[in-house]
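*Asks:* Can you keep this structure in mind? I'll have questions shortly.
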Amino acid sequence: MEDIRMDSHKLLYHPQRVADWLSGKQIYPIEMEVGLSGACNHRCIFCAVDYMEYKPKLLPKDIFLANLELMGKKGLKSIIYAGEGEPLTHPDAPEIIQRTKKYGIDAAMSTNGVLFTKEKAVDCMSALSWIRFSIAGATDETYEKIHQCRKGDLKRALQNMADVAMVKRQQKLSTTLGAQLLLLPENKSEIVQLARMVREMGFDYFTVKPFSQHPSSKAKITVDYSEAEEIGREVKEYETENFKIYFRSQSIDNLNMEKPYSDCEGLNFMTYMDAAGNLFPCIVFMGQDDFIYGNIHEQTFPEIWESERAKKIRAAFDCKFIHAHCRKNCRLDEINKYLHVLKNPGAHVNFI
């Protein structure tokens, strides 16, 4: 499997979009994360958006699909269906995913997997570039403690994961299958066991990432990652030519990093939509009215993205703001480092 740059960024694959941004042109985002549903069947103890209270809102299919076609024409390249809830609680999720691909936009999904039955996999897997299953334990006791879910949900998730891998083989699909574990004190002893289980299913990768405190989250967790390097070495032994282990050591290091950039320019290349149809700059500020670019019930996506309000909000993410309000280990950190260097080159840049 090719390198998916899990701990880096992929803006280098979009030089024209970056060049347009650098020259001051109006650009559209490359990626969007979309919350199809505000509801979730789990109450994970690490959930970043627990403060949004898992309200059972569903993104209206017709309004979203009308905007989806516009997004594709404006240059949106990909959508990750995840957001503030479990995407598969939306009854039209498979159809929306299929239409996303039809409009020339790559689709992916992050899910806890409990609702991702074989039937749903057959309905939408051919349109998904990748699927990432969030699974925080290898035993019922640990899994249920962390996921705060119904008894038996681990068994359901694992069965669905095995079925998804089978559908991929049967249909000869290229969909990348991954499982992700958030490293916590409760599950550190089960990481190797889970990596082995995921590999035996026929998945493409297993990733282990650190917890990063969301400023608004009710979940307050302190994790000591001093043993992380040893854990990473141990789980890395289960990597093969066809099964990759991504132990997010760079993300762990970033927890102690002062942001080495002056502005959050990455907001020009990515955006978030919640299940109510609100557009936000990023997940940290989802649910906060002051940071809503606009709503697709009231305006089209291009009208919202190009609005003075959206431009003003993006411009507010200057050095002082991001150091005071943004979370450690933001997913835009690596993108922002790259863009900062482009805007602020050092000496002798022509001596390549």
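*Asks:* Are any of the residues in segment 103-119 open to solvent by less than 40 Å² (accessible area, probe 1.4 Å), assigned to a loop (DSSP other than H, G, I, E, B) and farther than 21 Å from Arg150 by Cβ?
*Replies:* Within segment 103-119, the first condition is being open to solvent by less than 40 Å² (accessible area, probe 1.4 Å), and the residues that meet it are 105, 107-114, 116.
In the following step, the residues that additionally are assigned to a loop (DSSP other than H, G, I, E, B) were identified as 105, 112-114, 116.
Going one step further and asking which of them are farther than 21 Å from Arg150 by Cβ, we end up with 105.
The answer is yes, given that some residue of segment 103-119 is open to solvent by less than 40 Å² (accessible area, probe 1.4 Å), assigned to a loop (DSSP other than H, G, I, E, B) and farther than 21 Å from Arg150 by Cβ.
*Asks:* If a residue has to be assigned to a helix (DSSP H, G or I) and either under 17 Å from Val18 (Cα atoms) or not hydrophobic (A, V, I, L, M, F, W, C) (or both) to count, how many in segment 311-339 make the cut? Write out each step before concluding.
*Replies:* Let us first name the residues in segment 311-339 that are assigned to a helix (DSSP H, G or I), namely 311-315, 319-325, 333-339.
Right, trim to either under 17 Å from Val18 (Cα atoms) or not hydrophobic (A, V, I, L, M, F, W, C) (or both) and you get 311-312, 314, 320, 323, 325, 333-339.
The qualifying residues number 13.
*Asks:* I'm told Ile221 meets every condition in (1) in contact with a helix residue (DSSP H, G or I) (Cβ under 6 Å, 6 or more places away or on another chain); (2) in a loop (DSSP other than H, G, I, E, B) except one. Can you identify the failing condition by its number?
*Replies:* (1)
Every residue, every condition in (1) surrounded by 20 or more Cβ atoms within 10 Å (Cβ to Cβ); (2) free of Cβ contacts under 8 Å to residues at least 40 places away in the same chain; (3) outside any loop (DSSP other than H, G, I, E, B), yes or no:
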site	(1), (2), (3)
Asp3	no, yes, no
Met6	no, no, no
Ala19	no, yes, yes
Asn41	no, no, no
Leu76	yes, no, no
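*Asks:* If we keep just the residues of segment 198-215 that are touching a helix residue (DSSP H, G or I) at 6+ places or on another chain (Cβ under 7 Å) and open to solvent by 40 Å² or more (accessible area, probe 1.4 Å), which is modelled with the highest pLDDT?
*Replies:* Residues of segment 198-215 that are touching a helix residue (DSSP H, G or I) at 6+ places or on another chain (Cβ under 7 Å), as a first pass: 201-203, 206, 208-210, 214-215.
This time we only want the ones that are open to solvent by 40 Å² or more (accessible area, probe 1.4 Å), so: 209, 215.
Details: Lys209: 93, Pro215: 86.
Among those residues, the one meeting the criterion is Lys209.
*Asks:* Also, I was wondering about something else. Can you pull out the residues in segment 186-203 that are farther than 11 Å from Glu239 by Cα and either assigned to a loop (DSSP other than H, G, I, E, B) or not aliphatic (A, V, I, L, M) (or both)?
*Replies:* Correct list: Glu186, Asn187, Lys188, Ser189, Glu190, Gln193, Glu200, Gly202, Phe203.
*Asks:* Quick one: which of Glu95, Glu144 is assigned to a helix (DSSP H, G or I) and either in contact (Cβ under 8 Å) with a residue 12 or more places away in the chain or under 25 Å from Phe301 (Cβ atoms) (or both)? Walk me through it before giving the result.
*Replies:* On the way: Glu144 fails: either in contact (Cβ under 8 Å) with a residue 12 or more places away in the chain or under 25 Å from Phe301 (Cβ atoms) (or both).
The match here is Glu95.
*Asks:* Just need a number here: residues in segment 147-185 that are within 21 Å of the chain's Cα centre (by Cα), in a loop (DSSP other than H, G, I, E, B) and over 15 Å from Cys44 (Cα atoms).
*Replies:* 2
*Asks:* Checking the condition closer than 18 Å to Gly294 by Cβ and open to solvent by 30 Å² or more (accessible area, probe 1.4 Å), which residue from Ile27, Ile63 passes? Quick ask: steps written out before the conclusion?
*Replies:* Details: Ile27 fails: open to solvent by 30 Å² or more (accessible area, probe 1.4 Å).
Within the list Ile27, Ile63, the selection yields Ile63.
*Asks:* Also, I was wondering about something else. Does Gly35 count as crowded, with 20+ Cβ neighbours inside 10 Å and either closer than 21 Å to Ile335 by Cβ or not hydrophobic (A, V, I, L, M, F, W, C) (or both)?
*Replies:* Yes; evaluated as a whole, the condition is true for this residue.
*Asks:* Can you name the residue in segment 130-172 that is within 16 Å of Lys120 (Cβ to Cβ) and of a type in the set (S, T, N, Q) and is also most open to solvent (accessible area, probe 1.4 Å) among such residues?
*Replies:* Among those residues, the one meeting the criterion is Gln170.
*Asks:* Can we say Ser189 is open to solvent by less than 20 Å² (accessible area, probe 1.4 Å) and small (Gly, Ala, Ser)? Steps first, answer last, please.
*Replies:* Details: open to solvent by less than 20 Å² (accessible area, probe 1.4 Å): no; small (Gly, Ala, Ser): yes.
In short, no.
*Asks:* Just to be sure I understand the filter: pairs with C-beta atoms under 9 Å, separated by 6 or more residues or on different chains, first member in segment 312-329 and closer than 22 Å to Ser217 by Cα and surrounded by fewer than 12 Cβ atoms within 10 Å (Cβ to Cβ), second member of a type in the set (S, T, N, Q) and modelled with pLDDT under 95. Which pairs pass?
*Replies:* Correct list of pairs: empty, since none qualify.
*Asks:* Collect the residues in segment 247-287 that are more than 30 Å from Leu194 (Cα to Cα) and part of a helix (DSSP H, G or I), keeping them in residue-number order.
*Replies:* Residues satisfying the conditions are Glu265, Gly266, Leu267, Asn268, Phe285.
The values are calculated or read from the model by the stated rules, or taken from the named source; none is laboratory data. Fair warning: this is a prediction, and the values are worked out from it, not measured in the lab. Cβ: placed from backbone, ideal geometry, glycine included. Neighbour counts: every protein chain shown. Heavy atoms of the whole protein, side chains included, go into the accessibility calculation; ligands, DNA and RNA do not. Shrake-Rupley method; radii C 1.70, N 1.55, O 1.52, S 1.80 Å.
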